[in-house]
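Undergrad: Here's a structure for you.
The values are calculated or read from the model by the stated rules, or taken from the named source; none is laboratory data. Just so we're clear, the structure is a prediction, and the values are computed from it rather than from any experiment. A quick note on method: Cβ atoms are made from the backbone with ideal geometry, for glycine too, and the neighbour counts reach across all protein chains shown.
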Amino acid sequence: MDTLRESADAERFVVEATRFPLGWFAVAIGAMAAAVVAGVTIGPASIGWFDSLHEVVGLLPGIDGSSDLSPAQSAIITKIRLPRVVLGLMVGSLLSLTGAAYQGAFRNPLADPYLLGIAAGAGLGATIAIVSGVGDGIGIVDPVPLAAFIGALVAVAISFAAGNIGGRSTVSLILAGVAVASFLTALQTYVLQRHSDVIREVYSWILGRLATSGWGEVTLLAPYFLITCLVLLRYGRALDVLSVGDEEAATLGLDPGRIRAIVVITASLGAAAAVSVTGLIGFVGIIVPHAVRLMVGVGHRALLPMTILVGGAFMVLADLLARTIVSPAELPIGVVTAFVGAPFFVLVLRTSSRQTW
Amino acid sequence: MVTPVLRVEDLTVSYNGSRVLDGVNLEVKEGTWTTIVGPNGAGKTSLLRAVVGGVGYEGAVEFRGSHDHSARDRALNVALVPQIPVIPPGLGVVEYVMLGRTPHRSVFASESRRDRAVVGDVMDRLDLTSFAKREVSSLSGGERQRVVLARSLAQEASLLLLDEPTSALDLGHQQEVLDLVDELRTETGMTILATQHDLTMAGRYGDRLVMLNEGAIVARGNAREVLTEANISEHFGAKVMVIDDDAGPIIVPVIPTSAA
């Protein structure tokens, strides 16, 4: 009886449950752990790697944290290196995840988190804050990130409003984003040209930096990081359905316009928060999602969580290079992500046989 | 009287103020195959798009007597094989067919055992198991059409709309796809509403024809009643000769100069 059933089953085609690419996840988690260890242990102050890690592990609840480090050394680890590593993880994850979400929502491989004017809006906001000099007076809240955040959100809002005028297609939204970005960049250039004394300061903000003043930036960014991750991870399947285009997605019972709005607004919020804290770090939102697609395929349920891990690891490693290559000076991290990322990406593209777009 | 699977009443569709469908009435009975023919721009595709809710319309579209349906209810009642399906790059055949299961669960839920069983059965039925590991974009036109058909069947809707399902295929593959649809209809009792460019082909498959022109139904009935020289000349502006074969009318174009 059992053999009969087995032979009957053997002729039928069995679709296996979608397996998570656990091997790749293990690799990504390993890379992230290695990046964190390297980020905490390597730096200009020579502190042994064992003591550095001991200090970090000691921060965990329930573990006796008495290491052999002096208070100054201890502070370097817990107040300078560790928050910078955590910030790098969050920003790298956010830019990569939101890049993947934008690419899925717009069905466009060239979409990145700055597509709807976030970079230009944040740049204008930061420029105005720096030019007006409000940053010097107030001690509690740094107005530059706040102004950048508001600028980015205003830019996205204008893009949405303008894009909907031309019908609700993705192309009209993208074109509106291009127009808004050009307009805001022109404004920023004008403001900057009238105040050439701050060009250097604005320019270094634009290139991005992960330098922190402790845990403040981390706690500022954490809620946006959590919300963006939680919402976008839930929409992985919906983005898979959107890949057949709006019209067919609608015949499958979804409301593509609504899904796109939720995904894009959430992603914009996350990207705007990241940009406002660290400045404009380019290229990450494009290369990390594409590299991950070459590993795990185009399905968003594996793609989105993988971009969180790989993006975080990539950013921490890029930051490590940025602060060690010309130590004690620092390279702008945006330069490093593009300088290291572009050749790496070309290499991945050339060696991969998988078709993604 | 049996409630029809689909009832379209006074259906009007406009794009930018110009009417492409004007007060169309149509009933489709369970288990039948209705083919819509008509010249380019007659409104064939718009009619199908209105039925699946892909375009705004005035009038009523009822499934089994109910006209109050969400997008998801509609997707459970009717599936569409589009004329030019969007094939997402990089997507595997199984994942693509699995998209047909979308209306059967919350968009946040993962696939169930039943979803996988249905997809497995459909792929078996359409002889797609050897393509299981391929990407849809790597398949030939005929294979692709079968994969798209599989996705629609995985939707398990009782009404299947086919928008010129064979326009991109050679004669052998056209027959293969249409024979397959006919077999499925006989096996499962599903209902077919298709558009078709090739008039001879339209006469061979299905049991009822509807001719559309300028957004209105101008003829309906069986193949011999609809595919007449007069109808084709008036509504297609084509000079043809209709040969009455046992299997159905054969439509042959007449070239004017050949008389000399």
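Undergrad: Please identify the pairs in which a residue from the stretch B:221-238 that is surrounded by fewer than 14 Cβ atoms within 10 Å (Cβ to Cβ) has its Cβ atom under 9 Å from the Cβ atom of a residue that is in a helix (DSSP H, G or I) and among the basic types (Lys, Arg), counting only partners at least 6 apart or on another chain.
TA: Pairs found: none.
Undergrad: Now for a separate question. Just need a number here: residues in the stretch A:170-208 that are surrounded by fewer than 18 Cβ atoms within 10 Å (Cβ to Cβ), in contact with a helix residue (DSSP H, G or I) (Cβ under 8 Å, 6 or more places away or on another chain) and of a type in the set (Ser, Thr, Tyr).
TA: Total satisfying the criteria: 3.
Matching residues to (1) in a loop (DSSP other than H, G, I, E, B); (2) not charged (D, E, K, R):
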{"residue": "B:Val148", "(1), (2)": "no, yes"}
{"residue": "B:Ser152", "(1), (2)": "no, yes"}
{"residue": "B:Val181", "(1), (2)": "no, yes"}
{"residue": "B:Arg185", "(1), (2)": "no, no"}
{"residue": "B:His197", "(1), (2)": "yes, yes"}
{"residue": "B:Ala202", "(1), (2)": "no, yes"}
{"residue": "B:Leu212", "(1), (2)": "no, yes"}
{"residue": "B:His235", "(1), (2)": "no, yes"}
{"residue": "B:Val242", "(1), (2)": "no, yes"}
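Undergrad: With in contact with a Pro (Cβ under 8 Å, 6 or more places away or on another chain), at pLDDT 90 or above and closer than 30 Å to A:Asp319 by Cβ as the only criterion, which of A:Ala272, A:Ala250, A:Ala267 stands out? Please lay out each step first, then the result.
TA: Working: A:Ala272 fails: in contact with a Pro (Cβ under 8 Å, 6 or more places away or on another chain); A:Ala250 fails: closer than 30 Å to A:Asp319 by Cβ.
Of the residues listed, the single one that is in contact with a Pro (Cβ under 8 Å, 6 or more places away or on another chain), at pLDDT 90 or above and closer than 30 Å to A:Asp319 by Cβ is A:Ala267.
Undergrad: Examine the stretch A:329-343 for a residue that is among the hydroxyl-bearing types (Ser, Thr, Tyr) and either more than 24 Å from A:Pro145 (Cβ to Cβ) or assigned to a loop (DSSP other than H, G, I, E, B) (or both), and state whether such a residue exists.
TA: The answer is no, given that none of the residues of the stretch A:329-343 is among the hydroxyl-bearing types (Ser, Thr, Tyr) and either more than 24 Å from A:Pro145 (Cβ to Cβ) or assigned to a loop (DSSP other than H, G, I, E, B) (or both).
Undergrad: Can I ask one more? Here are the criteria: (1) part of a loop (DSSP other than H, G, I, E, B); (2) modelled with pLDDT of 95 or more. Tell me which single one A:Thr356 does not satisfy.
TA: Among (1) part of a loop (DSSP other than H, G, I, E, B); (2) modelled with pLDDT of 95 or more, the lone unmet condition for A:Thr356 is (2).
Undergrad: Applying the selection to the stretch B:129-149, what residues are within 8 Å of chain A (Cβ to nearest Cβ) and not hydroxyl-bearing (Ser, Thr, Tyr)? Working first, answer last.
TA: Looking only at the stretch B:129-149, we keep the residues that are within 8 Å of chain A (Cβ to nearest Cβ), and these are B:129, B:132, B:135, B:137-138.
Scanning the stretch B:129-149 gives B:Ala132, B:Glu135.
Undergrad: Please work out which residue is surrounded by the fewest Cβ atoms within 10 Å (Cβ to Cβ), limiting yourself to the stretch B:17-71 and to residues that are touching a residue at least 24 places away in the same chain (Cβ under 8 Å), assigned to a loop (DSSP other than H, G, I, E, B) and within 14 Å of chain A (Cβ to nearest Cβ).
TA: B:Gly56
Undergrad: Could you count how many residues in the stretch B:111-124 are surrounded by fewer than 17 Cβ atoms within 10 Å (Cβ to Cβ) and assigned to a helix (DSSP H, G or I)?
TA: So the answer is 5.
Undergrad: Tell me, which residue of the stretch B:75-127 that is facing chain A (nearest Cβ under 7 Å) and of a type in the set (Val, Ile, Thr) is nearest to A:Leu294 (Cα to Cα)?
TA: Here the answer is B:Val94.
Undergrad: Quick one: B:Tyr96 ticks every box in (1) farther than 18 Å from B:Leu26 by Cα; (2) out of contact with any helix residue (DSSP H, G or I) (no Cβ under 6 Å at 6 or more places or on another chain) bar one, so which box is it?
TA: (2)
Undergrad: Would you mind stating whether A:Asp64 is among the charged types (D, E, K, R), touching a helix residue (DSSP H, G or I) at 6+ places or on another chain (Cβ under 6 Å) and at pLDDT below 90? Explain how you work it out, then say what you get.
TA: Values: among the charged types (D, E, K, R): yes; touching a helix residue (DSSP H, G or I) at 6+ places or on another chain (Cβ under 6 Å): no; at pLDDT below 90: yes.
Answer is no for this residue.
Undergrad: Can I ask one more? Which numbered condition trips up B:Ser167, out of (1) within 11 Å of chain A (Cβ to nearest Cβ); (2) out of contact with any Leu (no Cβ under 9 Å at 6 or more places or on another chain); (3) in a loop (DSSP other than H, G, I, E, B)?
TA: Here B:Ser167 clears every test but (1).
Undergrad: Hey, does the stretch A:130-144 have a residue that's in contact with a Gly (Cβ under 9 Å, 6 or more places away or on another chain) and at pLDDT 90 or above?
TA: no
Undergrad: Oh, and also: Can you name the condition, by its number, that A:Ser52 falls short on among (1) part of a helix (DSSP H, G or I); (2) under 30 Å from B:Leu91 (Cα atoms); (3) hydroxyl-bearing (Ser, Thr, Tyr)?
TA: (2)
Undergrad: What do you reckon, is B:Arg125 modelled with pLDDT of 90 or more and among the basic types (Lys, Arg)?
TA: no
Undergrad: Check A:Ala26, A:Ala33, A:Ala101, A:Ala17 and return the single one that is among the small types (Gly, Ala, Ser), under 30 Å from A:Val263 (Cβ atoms) and buried (at least 23 other Cβ atoms within 10 Å of the Cβ).
TA: One residue alone meets the criteria, A:Ala101.
Undergrad: In addition: Could you count how many residues in the stretch B:181-209 are of a type in the set (S, T, N, Q) and in contact (Cβ under 8 Å) with a residue 24 or more places away in the chain? It would help to see each step written out before you state the result.
TA: Going residue by residue through the stretch B:181-209, those that are of a type in the set (S, T, N, Q) are B:186, B:188, B:191, B:195-196, B:200.
Adding the requirement that they be in contact (Cβ under 8 Å) with a residue 24 or more places away in the chain leaves B:191, B:195-196, B:200.
Of the residues in the stretch B:181-209, 4 are of a type in the set (S, T, N, Q) and in contact (Cβ under 8 Å) with a residue 24 or more places away in the chain.
Undergrad: In addition: With respect to B:Gly141, determine if the residue is in contact with a His (Cβ under 8 Å, 6 or more places away or on another chain), small (Gly, Ala, Ser) and within 18 Å of B:His197 (Cβ to Cβ).
TA: Values: in contact with a His (Cβ under 8 Å, 6 or more places away or on another chain): yes; small (Gly, Ala, Ser): yes; within 18 Å of B:His197 (Cβ to Cβ): yes.
So B:Gly141 fits the description; yes.
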